[in-house]
Amino acid sequence: MKSFIISCALVFSGISAFGQGYQFTEIVRQPVTPVKNQASTGTCWCFATVSFLESELVRKGKGEYDLSEMYLVRQKYMNQLQDNYIRRGKGNIGQGSLSHTAMNAFRQVGIVPEEVYTGINYDSDRHSHGEMVRYLTAIADQAVELKKRSPQYDQLIDHLFDTYLGKLPEKFVYKGKEYTPQSFTTSLGINPDDYVELTSFTHHPYYTSFEVEVPDNWEHEMMYNLPLDELMQTMDYALQNGHTVCWDGDVSEKGFSHVNGVAINPEVNKVDDYGSDRARFEQMNVNQRLEEVYKFERPYPEITVTPEIRQAGFESFVTTDDHLMHVTGMVKDQNGTPYYITKNSWGTARNAFGGYLNMSESFVRAKTIFIMVHKDAIPKAIRAKLGI
């Protein structure tokens, strides 16, 4: 258990340095495994979900595991190829996906340890899928044009993945015991049906499920729709009761600053009560203000996010489905505002906080597309409303 405890200590040892004016006090944190690096791939969906599952194993008393993301990614590409062909080339065969994609692949093929299947079978110490996906797209397009998938098509696909990701293991030894992928998966005791995705939008009725309309939902999965306050209540309840949260949302705006270790939803037109900063700030245009929000001497004012504001961001395509991360705890700033401790998958060197950041409550209310949690992480009253 030592390595995940070290990774937690890394972020909290420097926590007062987030931003310039942000000082944080811990509310709660849950055990996590070390930060990984998705590198030059669009596989945040798998890194976030696998990190979440690794924390689930710790929570369940199974110990610490380092599981293979690329084992699931390979199966996801296979599923996309099938979907794309049946849709006559109109499917999504890009690198992105969502949490349920990893869970669906887990149902199909299980999972293996990272040391058994690293997914790097080329001359690199980092993941890189650009070239592989270009070849994959060409093979997929040709099959649609020919209106058939021959035995040679199947061989080409298998060889492509074997070349870039490595051959799939049939048996392996892990910690002195022999497994197949299926027997190893069974030993973990993870039931994918125990996990649900929750969202909050006003264009569908609350307490029903619907297909969230984002391109990466190519599997057309249904998600439960909650009022925004209850979605936030569920996140807080989960984190305060031993669970973690797999988070999907928008990280495309200047309020999201991985390098500063903070994601906020700034009210850039609010300049009152900022003392010595106010005169300088009043001289700036909106873009300049956005560049400066982390340099203020204390936490910057943020937007009060209502369901209507959240919906407007989604329907104007400002709030988009960009990135998945793993929410592992909560802190509060010197004003008492809550933030969510977030484990990213961009490695440990891209900020001074070991690859972590803190997302503010306003940011999460505005920019969440969905979350995935264990059913037991949902308050009983909310579960009853959803019929779970």
Checked pairs for segment 84-95, first within 16 Å of E145 (Cα to Cα), second in a loop (DSSP other than H, G, I, E, B) and at pLDDT below 95, C-beta under 6 Å and 6 or more apart or across chains, list as N84/G91; N84/I93
Residue satisfying condition, being more than 22 Å from S40 (Cβ to Cβ) and out of contact with any Cys (no Cβ under 7 Å at 6 or more places or on another chain), within set V112, V133: V112
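Scan segment 181-188 and tell me whether some residue there is assigned to a strand (DSSP E or B) and hydroxyl-bearing (S, T, Y). Show your work before the answer.
So the first thing to find is which residues in segment 181-188 are assigned to a strand (DSSP E or B), and the list is none.
For segment 181-188, residues assigned to a strand (DSSP E or B) and hydroxyl-bearing (S, T, Y): absent.
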Given the conditions (1) surrounded by fewer than 21 Cβ atoms within 10 Å (Cβ to Cβ); (2) under 18 Å from V112 (Cα atoms), and given that G94 satisfies all but one, which numbered condition is not satisfied? (2)
Counting only residues that are surrounded by fewer than 23 Cβ atoms within 10 Å (Cβ to Cβ) and outside any loop (DSSP other than H, G, I, E, B), which one in segment 345-361 is nearest to the chain's Cα centre (by Cα)? W346
Report whether or not I382 is surrounded by 21 or more Cβ atoms within 10 Å (Cβ to Cβ), closer than 17 Å to Y206 by Cα and out of contact with any Gly (no Cβ under 7 Å at 6 or more places or on another chain). no
I'd like to check something: does segment 138-145 contain any residue that is surrounded by 13 or more Cβ atoms within 10 Å (Cβ to Cβ), within 30 Å of P192 (Cβ to Cβ) and not hydrophobic (A, V, I, L, M, F, W, C)? no
By residue number, the members of segment 217-268 that are aliphatic (A, V, I, L, M), farther than 14 Å from V327 by Cα and part of a strand (DSSP E or B) are M222, M223
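Residues V212, V196: which one is under 26 Å from T41 (Cβ atoms) and either under 22 Å from the mean Cα position of the chain (by Cα) or not polar (S, T, N, Q) (or both)? Even if it seems obvious, please write down each step before you answer.
Values: V196 fails: under 26 Å from T41 (Cβ atoms).
V212 is the lone residue from the list that is under 26 Å from T41 (Cβ atoms) and either under 22 Å from the mean Cα position of the chain (by Cα) or not polar (S, T, N, Q) (or both).
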Working only within segment 96-135, note down all residues that are aromatic (F, W, Y) and either more than 28 Å from S150 (Cα to Cα) or assigned to a loop (DSSP other than H, G, I, E, B) (or both). Y117, Y122
I want to confirm something. Restricting to segment 362-385 and keeping residues that are over 15 Å from the mean Cα position of the chain (by Cα) and of a type in the set (A, V, I, L, M), which single residue is nearest to D322 (Cα to Cα)? A366
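Of all the residues that make up segment 55-68, how many are without any contact (Cβ under 8 Å) to a residue 24 or more places away in the chain and closer than 27 Å to Y122 by Cα?
Restricting attention to segment 55-68, the residues satisfying the condition of being without any contact (Cβ under 8 Å) to a residue 24 or more places away in the chain are 61.
Still in the list and also closer than 27 Å to Y122 by Cα: none.
So the answer is 0.
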If we ask which residues in segment 147-183 are more than 22 Å from E64 (Cα to Cα), of a type in the set (K, R) and under 32 Å from the mean Cα position of the chain (by Cα), their number turns out to be 1
Looking at (1) among the basic types (K, R); (2) surrounded by fewer than 16 Cβ atoms within 10 Å (Cβ to Cβ); (3) over 29 Å from Q38 (Cβ atoms), which one does R298 not meet, given that it meets all the others? (2)
Restricting the first residue to segment 198-218 and requiring it to be over 20 Å from N84 (Cβ atoms), which pairs with a second residue that is part of a loop (DSSP other than H, G, I, E, B) meet a Cβ separation below 6 Å and a spacing of at least six or different chains? L198/L226; T199/V212; S200/L226; Y206/P227; F210/H204
Over segment 153-179, the set of residues hydrophobic (A, V, I, L, M, F, W, C) and over 14 Å from E114 (Cα atoms) is L156, I157, L160, F161
Name the single residue that is modelled with the lowest pLDDT among those in segment 271-326 being over 24 Å from the mean Cα position of the chain (by Cα) and among the small types (G, A, S). G275
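Can you report the number of residues in segment 310-338 which are among the charged types (D, E, K, R) and farther than 30 Å from A102 by Cα? Reasoning before the result, please.
Initial filter on segment 310-338 (among the charged types (D, E, K, R)): 310, 315, 321-322, 332-333.
The next check asks that each one be farther than 30 Å from A102 by Cα; those that pass are 332-333.
The number of residues fulfilling the criteria is 2.
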So G313 ticks every box in (1) assigned to a helix (DSSP H, G or I); (2) in contact with a Lys or Arg (Cβ under 9 Å, 6 or more places away or on another chain); (3) of a type outside the set (D, E); (4) buried (at least 22 other Cβ atoms within 10 Å of the Cβ) but one. Which box is left unticked? (4)
Only residues in segment 21-50 that are without any contact (Cβ under 8 Å) to a residue 60 or more places away in the chain and assigned to a helix (DSSP H, G or I) count as the first member; pair them with residues that are of a type in the set (S, T, Y) and crowded, with 21+ Cβ neighbours inside 10 Å, Cβ under 7 angstrom, at least 6 apart or cross-chain, and list the lot. none
From P181, P113, residue being in contact with a Pro (Cβ under 7 Å, 6 or more places away or on another chain), under 30 Å from K60 (Cα atoms), surrounded by 14 or more Cβ atoms within 10 Å (Cβ to Cβ) and not β-branched (V, I, T): P181
Specify the residue that is farthest from Q75 (Cα to Cα); the eligible residues are those in segment 146-165 that are surrounded by fewer than 11 Cβ atoms within 10 Å (Cβ to Cβ) and among the basic types (K, R). K147
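The values are calculated or read from the model by the stated rules, or taken from the named source; none is laboratory data. Every value quoted in this text rests on a predicted model; they were computed, and no experiment measured them. For neighbour counting, all protein chains shown are included, and Cβ atoms are generated from backbone atoms with ideal geometry for every residue, glycine included.
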